[in-house]
1. So which pairs qualify, if the first residue must be in the range 4-20 and modelled with pLDDT of 95 or more and near the ligand (Cβ under 10 Å from one of its atoms), the second must be in a helix (DSSP H, G or I) and not β-branched (Val, Ile, Thr), the Cβ gap must be under 6 Å, and the two must be at least 6 apart or on different chains?
2. Considering only the range 69-110, state which residues are in contact (Cβ under 8 Å) with a residue 60 or more places away in the chain and more than 25 Å from residue 7 (Cβ to Cβ).
3. Out of curiosity, is residue 93 of a type in the set (Gly, Ala, Ser), out of contact with any His (no Cβ under 8 Å at 6 or more places or on another chain) and surrounded by fewer than 17 Cβ atoms within 10 Å (Cβ to Cβ)?
4. Residue under question is residue 196, and the condition is that it be at pLDDT below 95 and either buried (at least 20 other Cβ atoms within 10 Å of the Cβ) or out of contact with any strand residue (DSSP E or B) (no Cβ under 9 Å at 6 or more places or on another chain) (or both); does it hold?
5. If I go through the range 162-177 residue by residue, how many of them are in a loop (DSSP other than H, G, I, E, B) and out of contact with any strand residue (DSSP E or B) (no Cβ under 8 Å at 6 or more places or on another chain)?
6. If you go through the range 138-149 one residue at a time, do you hit one that is within 12 Å of the ligand (Cβ to nearest atom), surrounded by fewer than 17 Cβ atoms within 10 Å (Cβ to Cβ), modelled with pLDDT of 95 or more and of a type outside the set (D, E, K, R)?
7. Please tell me if residue 168 is under 30 Å from residue 193 (Cβ atoms), among the hydrophobic types (A, V, I, L, M, F, W, C) and surrounded by 15 or more Cβ atoms within 10 Å (Cβ to Cβ).
8. Scan the range 100-140 for residues that are in contact with a Lys or Arg (Cβ under 7 Å, 6 or more places away or on another chain) and on the phi > 0 side of the Ramachandran plot and jot them down.
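The values are calculated or read from the model by the stated rules, or taken from the named source; none is laboratory data. Not measured: the values here are computed from a predicted model. FYI the Cβ positions are ideal-geometry reconstructions off the backbone, even for glycines, and counts take in every protein chain you see.
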Amino acid sequence: MKQARISSDVEKTVEYYDKLADGYSKILRPWRIELLEKYFTGRHKTVLEIGCGTGNYLAAINVDKKIGIDISKKSLQIAKKRKGLKTARLIHGFAEDLPIKSNSVDFVFSYSALYNMPDQRKVINEIKRVLRSGGVAVLEFQNMYSPVSMHSKLLFDVPQYFMSEREINKVLKEEGFDVIDIQHRQIIPGYLAPNDFRVELPLLKNICLKLIYVVRKK
Ligand SMILES: C[S@@+](CC[C@H](N)C(=O)[O-])C[C@H]1O[C@@H](n2cnc3c(N)ncnc32)[C@H](O)[C@@H]1O
């Protein structure tokens, strides 16, 4: 993708999420918290959220040291006021270039944000850099073969970049991650009916929107 196109896409993304920050601060999907809690252990002292937005999930978890990064200043302003984020380090910056020391984080997660990033491989590479060896990441991607992805691209005026399960597997493997779990969720647009339960039928898995990977750095 050309640099000029990327810059204008970034501006569009910032504008979009600055405008929607208030609305986003009220959306919380319990399964996302349950998934984090499933993989947290006492060894995970430092947690980073990529594209933390208004901090809905970072605020909800119980951990010593929290770091969040986002390009939307308005979202971060809301996050800073949250009870669970008083001592968190909230960074205004790019996921593609994390201002965080290498091998310093135990757990990374990213919900509903990677699909807004044009170079997801670069982000995955940065996650690998900051994670300690054996560190865990929970990463939500959006499936390029989902009809909901296409629908979302037409309906919402924000840049969106989808990947296939095959491509995600390849990138994660090449970047040195072991895949622990893959969850498939959401068949139809969420505003029609809440349907982000785990999908188990093989045919439906191919066309669901969310692909959530739990991976471990080697
Ligand atoms: C749909 S919101 C999700 C926010 C939060 N993760 C949640 O689930 O409530 C996507 C977030 O990703 C952020 N974002 C998009 N591109 C980014 C980038 N390149 N670096 C950091 N944050 C980014 C947006 O500003 C926005 O706050």
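1. Filtered contacts from the range 4-20: 13/116; 17/75; 18/74.
2. Passing the criteria: 106, 107, 108, 109.
3. Criteria met by residue 93.
4. no
5. Total meeting the criteria: 1.
6. Checked against the condition, which is being within 12 Å of the ligand (Cβ to nearest atom), surrounded by fewer than 17 Cβ atoms within 10 Å (Cβ to Cβ), modelled with pLDDT of 95 or more and of a type outside the set (D, E, K, R), the range 138-149 yields no hits at all.
7. For residue 168, the condition - under 30 Å from residue 193 (Cβ atoms), among the hydrophobic types (A, V, I, L, M, F, W, C) and surrounded by 15 or more Cβ atoms within 10 Å (Cβ to Cβ) - is met.
8. 103, 134
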